[in-house]
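The values are calculated or read from the model by the stated rules, or taken from the named source; none is laboratory data. Being a predicted model, the structure only gives us computed values, none of them experimental. A quick note on method: Cβ atoms are made from the backbone with ideal geometry, for glycine too, and the neighbour counts reach across all protein chains shown.
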Amino acid sequence: MKIERPPAGEVASRASPVEPPRLLGVLRETKAARMRLLAALAMGVALVSLAGAALGYYGTDSNIVVGYRPKQPVDFSHKLHVADLGLDCRLCHLGAEAGANAGLPTTQTCMNCHSKVRTDSVALLPLRATYAEGRAIPWVRVHNLPDFVYFDHRAHVSAQVECAYCHGQVEQMVQVEQVKPLSMGDCIECHQEPRKYVTSLSQPLTYANQNHDASVVLKTAHETERDISPPLHCSGCHR
Amino acid sequence: MTKSNGRQEGLDARCSRRNLLKLGGSLTALSWLPACRRPEEHIVPAVNQAEYEVPGRPLHYATALALMGNAFGLLVESHDGHPTKIEGNPKHPENAGKTSSYLQAQVLELYDSERSRCVIENGQRRDWAAAKTMLATLGHSLGTVNGRTLALVMNDHRSPTVRAHVKALRDKFPEVQVYAYDTFDSSLTDAATVLAFGRKLEPIYHYDRVGVLVGFDADVLGLHGDALRAARGWASMRDTTEGCCNRWYMIEPSLTVTGGVADHRFRCERAELASVLCALTAVLSADFGIILPEPVLRAVQRVAGGLDLSRWSKVVHAMASDLAGHQGRSLVIVGEREPAVTQALAMLLNHALGNQGQTMDFRKAFDEVPSGSAALRALTDGITRGQTKQVLVLGGNAVYDAPGDLPLERLLQQAELSVHLGLYVDETAQACHWHIPQAHPLESWGDVMSRDQVASIVQPLIAPLFGGRTAVDVLSALLGNDTTTYRAVQSTWQSILTANGFDAAWRRALHQGVIHSASDDYENLPPRADEVAQLLGSLPSIENSYRIDFAPDAHSYDGRFGNNRWLHELPEPIGKATWGNGAKISSQLARKFELTDGDEIELRAAGRHVKVPVIVSPGQADRTITVSLGQGRKVGGSAARATGTDLHPLRTVSAPYSIVCEGVERAASRVPLARTQLEFAMHGRAPVKAVVRESPKQSEPKGQRVSRVGAGKYAMVIDLAKCTGCGACAMACQAENNISCVGESGVHEGRHMHWLRLDRYYEGNDDTLLAMTQPVMCQQCENAPCEAVCPAGATAHSPDGLSDMVYNRCVGSRYCANNCPFKARRFNYFDYWGAVESTRRLQLNPDVTVRSRGVMEKCSFCVQRINQGKIDAKQQGLGSPKDGAILTACQQACPTGAIVFGDLADRDSKVSNTMKSARGYRLLDELGLGNRVVYLSIIRNRNAEVPT
């Protein structure tokens, strides 16, 4: 690198140019010291890359949120209610078709059955107690999108996206857990090629029918006439 | 290894330091990794399922609100049981789905955590049961004196149920005195109708039938109970596609919203207004054969005599010829703050011009209760004489807004018992022995009746947040009834709502928001001239002294919205001042006293004096100083106390709205007002264009049509010929899009956050000054200069043609704002939401991100509404939303329908058609940005006879 010589007047105006003290500056003296510096640098770089790789792999949503299975205030088993008894998702999550949020059922919805069924169950004690006192049940949120994401269940259900595509086979879960990272990558994957993931209009959504398996649900819909144009621009989801 | 010079070694050393830091940083990050657990969040569904409630979908409830002596139908958006946004009810004929800034801001008032929270007796905290006992005891004690010792002061009295309760009270105790008091009410108009017709009547104007209107300080498009109806009517006659156009003349001392958009505006001293009206009457009679009673003509000629003929004769003649040419299709209207006799003369003139029954009708007054400052004088006299011992103030803040010569505060303290029902612990609450928190109209049952006698049920959107009570509760307790307001309102309407049984009819009334539409039973009586003539004769001649004119405040109206931060920060339509008020003075007066904006003057009147900062206002009459009432509160919320100057002390009972100034002095101090616009000249660049139309046959003015923009869909057309600059759009935008307030200091630093601002420019000289207003928001440029410079990719174009703003990507470089030629982008310099209390947060629109510090924001064309519209359309099996299915918040609020929004891809959509207008142009079109907002130029329908 060529350094331009400053004009004479400027040099004259400077007092004896003193090199500012630098970190590890003393090691500059010998070749061995330089080698040690290089080795330290190489080790540093290796460590940083390792740390970066570790963070990149373990620090992502797929490792932090997938498998999240919090304990709920009432031991509600989706397996029992959906797979064994055959209830429909929409019986409780009534916003899934009509609103942005699928929503959780009110205690009243539970009590529609449980005022008659299993009235002496110990597991249902918290349900009966809170209902009698008029207290709400603080369910623990499993699937959580960031606040700047505006996901609309209604849009996806009406486009024939199976619940299981995002939520997994909830009907097989005793305790609900998250199966997908629900990252932006997940959204974009489907929004880029929606036809791979939506169900044919002729085949009604299964709403977690116990007999379905993912390969059936996610098969390609061969319907050219359907207008499936999910947004790929920012304001489609962020606003 | 090459031999390195010092510089390279220096580089090495820096690199290793950086690496060390990197290493340290990564290790720290790694050490946090095991702690990466999701914070536990809860979903708390309700215990019982609410009717019609679907998670994530708002519900809309019809209700109504009384304001400014009128009532308006509302549709309130409610998310999960809490109201977030107010829209107009399209079924209500008064506002037909539109709103004003005051109506929009009501939802903020509901959540104001500084509202009164408990019953107070002489500074001690009590409960409603104690207040109820006190009222019942009072009720018992009144029986022995026939109620003679009780006085009732009502506020915004438009409720049939309250009226029925007052009647019940009077039936039980015949001598109870009942008064109604609002700073700005129609008491002088009532007096005028008594003069002209012998009874109290309410004039109803049909602005949509008016071809020629002459207004005398009548700001009907501004701070007026008729504003929404007037704006709609005015705009309907300015639709050039209809081929007709109205012509409005305004004669006023201070530039108002109405004067600004008129076709001709003449500056006139407050004291001269009556003379100009008389001159107009005289010319109409002498030159155009309009027949008026002889005594009136004699009086009119005498009053008109004092007028400066060189200035007025041609103007008056031109107006008279226009009025005479539009008999039955014209209107002469005098402001509600003008003396009763002037208003009565206008009623006579309208009758003579054949307008009564055509462009105006009269209705029976809602109630006969005495009102105005005279009523307040009767109250204070009663207390002083010792006849009135108990005072019940049902709403309002009479101690603050009473004229300065009424010692109401002292008298209320002196009375045996004084009770105040109010939203805030304000001046009146402090003066009274008891204070009862009032329920907000959005949290209580009730009913209201509009001026045109359209009745609506008021239904609560939420249970009272702070345990408020209604006026009906207080009156019921006094009467010893144990009914709820809900039952009381039902019993009022029991006999009227009978179709298919009461329950069905009641539910229908609640659902529709109106009980019945306006009927045709007007009380159009022939006017009587004698009293008017007699009083005209006693009008004082034009004086040469200064006058102080009292006008409502654009921010707090009469003080009631004193704690509403949205309204304080919404720039006043003319002077663009926020957070505070000032005295509007003419440039001539400013030169005389060497004053500039913000210098304080001391005004003297009625033996009292007040110091107030000046606003040098173009178009202001030289000898009229206009001040606004409603600021400078001493008690009340923190925002109310912090702002402005109280000018009530200068008023008197006999001169409530205009008083002779006893002296103007320059004070040494300066209080600069926080204004959002400081430059009002266009400097020849014409961002706002106006076309002049002088021939009645000329329909669409010639011009260059705008080219269509690219492939994207959405676009907006704003017809400036219909924009009054009222500010409803800006307030609707603030409510819809979670826009924060920055406070007075923030506005001083130019950090106000409004996505939609109203730029205002002047046209003409002082005597004929007109205003030009232009709403400016993000222009959604097709070649957006902001997008090209964003280093983070946080703003990008969507295939719909919108310039998307992605808050979560924004790093706050502010390059985009610097590159925006319209200054449409706003930056969050602070975390404006951090300190906001929890009740206030209930207002936030859950469909829009609440922006944090360091993030840029801007108008998104209400993309949340666009997305909802698209999803709706898809669910209904439509390809794209129907034209008109998506309304932006500003468009939905705009009282004149000046904003058109829609899909350009649809060639038949309203926006596609409106854009074809020859008046269309784009802002800074020479930059080639392809703005998606197109403006249509203003139309001035000038009368060629008026000298320029």
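Quick rundown of the values:
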item: Some residue of the range B:829-839 being within 13 Å of another protein chain (Cβ to nearest Cβ) and either over 20 Å from A:Gly236 (Cα atoms) or part of a helix (DSSP H, G or I) (or both); result: yes
item: Identity of the residue in the range B:800-828, under 14 Å from B:Cys778 (Cα atoms), charged (D, E, K, R) and part of a loop (DSSP other than H, G, I, E, B), that ends up farthest from the other protein chains (Cβ to nearest Cβ); result: B:Lys823
item: Residue satisfying condition, being in contact with a Gly (Cβ under 6 Å, 6 or more places away or on another chain) and touching a residue at least 12 places away in the same chain (Cβ under 8 Å), within set A:Gly99, A:Gly103, A:Gly67; result: A:Gly99
item: Meets criteria (of a type in the set (A, V, I, L, M, F, W, C) and surrounded by 23 or more Cβ atoms within 10 Å (Cβ to Cβ)) for B:Ala96; result: no
item: Boolean, B:Pro881 is over 14 Å from B:Arg932 (Cα atoms), under 31 Å from the mean Cα position of the chain (by Cα) and part of a loop (DSSP other than H, G, I, E, B); result: no
item: Residues of the range B:446-503 satisfying the condition of being acidic (Asp, Glu) and either in contact (Cβ under 8 Å) with a residue 60 or more places away in the chain or closer than 13 Å to B:Val162 by Cα (or both); result: B:Asp447, B:Asp452, B:Asp473
item: Residue within the range B:143-154 that is of a type in the set (Lys, Arg) and part of a helix (DSSP H, G or I) present; result: no
item: Selection count where residues are of a type outside the set (S, T, N, Q), touching a residue at least 12 places away in the same chain (Cβ under 8 Å) and within 14 Å of chain A (Cβ to nearest Cβ), scope the range B:755-799; result: 11
item: Residue in the range B:387-404 that is buried (at least 23 other Cβ atoms within 10 Å of the Cβ), touching a His at 6+ places or on another chain (Cβ under 7 Å) and among the acidic types (Asp, Glu) present; result: yes
item: Qualifying positions in the range A:108-136 - within 7 Å of chain B (Cβ to nearest Cβ), under 30 Å from B:Leu844 (Cβ atoms) and touching a residue at least 12 places away in the same chain (Cβ under 8 Å); result: A:Gln108, A:Thr109, A:Ala136
item: Test for B:Ala64: is it closer than 30 Å to B:Glu443 by Cβ, more than 10 Å from every other protein chain (Cβ to nearest Cβ), modelled with pLDDT of 85 or more and not in a helix (DSSP H, G or I); result: yes
item: Top-ranked residue in the range B:849-869 [being farther than 9 Å from B:Met805 by Cβ and among the hydroxyl-bearing types (Ser, Thr, Tyr); ranked as farthest from the other protein chains (Cβ to nearest Cβ)]; result: B:Ser852
item: Some residue of the range B:335-354 being within 22 Å of B:Asp156 (Cα to Cα), acidic (Asp, Glu), buried (at least 20 other Cβ atoms within 10 Å of the Cβ) and in contact with a Gly (Cβ under 9 Å, 6 or more places away or on another chain); result: yes
item: Selected residue [within 11 Å of chain B (Cβ to nearest Cβ), surrounded by 18 or more Cβ atoms within 10 Å (Cβ to Cβ), without any contact (Cβ under 8 Å) to a residue 60 or more places away in the chain and closer than 26 Å to B:Leu21 by Cα] from A:Ala42, A:Ala51; result: A:Ala51
item: Any hit, the range A:40-63, residues being over 30 Å from A:Tyr131 (Cβ atoms) and either of a type in the set (Lys, Arg) or in a loop (DSSP other than H, G, I, E, B) (or both); result: yes
item: Scan of the range A:100-129 for residues that are surrounded by fewer than 19 Cβ atoms within 10 Å (Cβ to Cβ), small (Gly, Ala, Ser) and not in a helix (DSSP H, G or I), ordered by number; result: A:Ser115, A:Ser121, A:Ala123
item: Residues of the range B:87-140 satisfying the condition of being without any contact (Cβ under 8 Å) to a residue 24 or more places away in the chain and on the phi > 0 side of the Ramachandran plot; result: B:Gly123
item: Test result for B:His92, facing chain A (nearest Cβ under 7 Å) and modelled with pLDDT of 90 or more; result: no
item: Hits in the range A:152-164 - residues which are more than 10 Å from every other protein chain (Cβ to nearest Cβ) and either closer than 23 Å to B:Asn808 by Cβ or part of a helix (DSSP H, G or I) (or both); result: A:Cys163, A:Ala164
item: Where B:Ala885 falls short, out of the listed (1) more than 21 Å from B:Gln779 (Cβ to Cβ); (2) touching a residue at least 24 places away in the same chain (Cβ under 8 Å); (3) hydrophobic (A, V, I, L, M, F, W, C); (4) more than 10 Å from chain A (Cβ to nearest Cβ); result: (2)
item: Single condition B:Ser418 does not satisfy, out of (1) in a strand (DSSP E or B); (2) more than 30 Å from B:Ser113 (Cβ to Cβ); result: (2)
item: The range B:607-621: number of residues that are of a type outside the set (Val, Ile, Thr) and closer than 21 Å to B:Gly644 by Cα; result: 6
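Residue-wise test of (1) at pLDDT 85 or above; (2) under 25 Å from the mean Cα position of the chain (by Cα).
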| position | (1), (2) |
| --- | --- |
| A:Glu29 | no, no |
| A:Ala39 | yes, no |
| A:Met43 | yes, no |
| A:Asn63 | no, yes |
| A:Arg69 | yes, yes |
| A:Asp84 | yes, no |
| A:Cys89 | yes, yes |
| A:Gly95 | yes, yes |
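A quick yes/no check of all residues on (1) buried (at least 20 other Cβ atoms within 10 Å of the Cβ); (2) in contact with a Gly (Cβ under 6 Å, 6 or more places away or on another chain); (3) under 27 Å from B:Lys870 (Cβ atoms); (4) β-branched (Val, Ile, Thr):
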{"residue": "B:Trp755", "(1), (2), (3), (4)": "yes, no, yes, no"}
{"residue": "B:Asn765", "(1), (2), (3), (4)": "no, no, no, no"}
{"residue": "B:Met772", "(1), (2), (3), (4)": "yes, no, no, no"}
{"residue": "B:Asn783", "(1), (2), (3), (4)": "no, yes, yes, no"}
{"residue": "B:Ala796", "(1), (2), (3), (4)": "no, no, yes, no"}
{"residue": "B:Gly801", "(1), (2), (3), (4)": "yes, yes, yes, no"}
